[in-house]
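Since the structure comes first, as structure tokens, the remarks are kept for the end.
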Amino acid sequence: MGTANQALFLLRAILNLAIKWEVPGITVNPAIGIKVHDANNARERYLTVEETERLRNALGKSANPNLKSIVELL
């Protein structure tokens with residue numbers, strides 16, 4: 001639904017500019033009354049074993065001694 005919402009926002013903006021620029025034949029924005037969809041594009045993803053190992057190695061090399069503990073807590 002996120003793509004549909006983006007297309008609607010773009011259409012509204014185009015029509016608003018056409019009204020502002022006084023394009024002949026465009027006096028009302030018909031896209032104003034269209035409701036947007038509830039977009040739930042949330043994804044849940046976990047690190048792979050390889051990614052976890054690379055993260056731990058990078059945290060071990062960090063100059064910040066607290067960073068490893070902070071990331072592990074998160």
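Limited to segment 33-74, what total is found for residues that are touching a helix residue (DSSP H, G or I) at 6+ places or on another chain (Cβ under 8 Å), at pLDDT below 90 and within 30 Å of L17 (Cα to Cα)?
4
From the set of residues in segment 10-55 that are among the polar types (S, T, N, Q) and in a helix (DSSP H, G or I), which is nearest to E72 (Cα to Cα)?
Restricting attention to segment 10-55, the residues satisfying the condition of being among the polar types (S, T, N, Q) are 16, 27, 29, 40-41, 48, 52.
Pick out the ones that are also in a helix (DSSP H, G or I) and you get 16, 52.
Values: N16: 49, T52: 11 Å.
It comes out as T52.
How many residues are open to solvent by less than 100 Å² (accessible area, probe 1.4 Å), under 30 Å from G2 (Cβ atoms) and polar (S, T, N, Q) when one looks only at segment 40-74? Walk me through it before giving the result.
We begin by selecting, within segment 40-74, every residue open to solvent by less than 100 Å² (accessible area, probe 1.4 Å); these are 42, 47-48, 51-53, 55, 57-60, 62, 64, 66-71.
Okay, now just the ones that are also under 30 Å from G2 (Cβ atoms), so 42, 47-48, 51-52, 55, 71.
After this cut, where a residue has to be polar (S, T, N, Q) as well, the list is 48, 52.
So the count comes out to 2.
Please go through segment 21-39 and pick out each residue that is open to solvent by 90 Å² or more (accessible area, probe 1.4 Å) and touching a residue at least 24 places away in the same chain (Cβ under 8 Å). Steps first, please.
Going residue by residue through segment 21-39, those that are open to solvent by 90 Å² or more (accessible area, probe 1.4 Å) are 21-22, 24, 27-28, 30, 32, 35, 37-38.
Selection gives H37, D38.
The values are calculated or read from the model by the stated rules, or taken from the named source; none is laboratory data. The structure presented is a predicted model; accordingly, all values stated were derived computationally and were not measured. All Cβ positions, even for glycine, are placed from backbone atoms using ideal geometry, and neighbour counts span all protein chains on display. When the accessible area is computed, the model is the full protein with side chains, heavy atoms only, and any ligands, DNA or RNA have been set aside. Shrake-Rupley method; radii C 1.70, N 1.55, O 1.52, S 1.80 Å.
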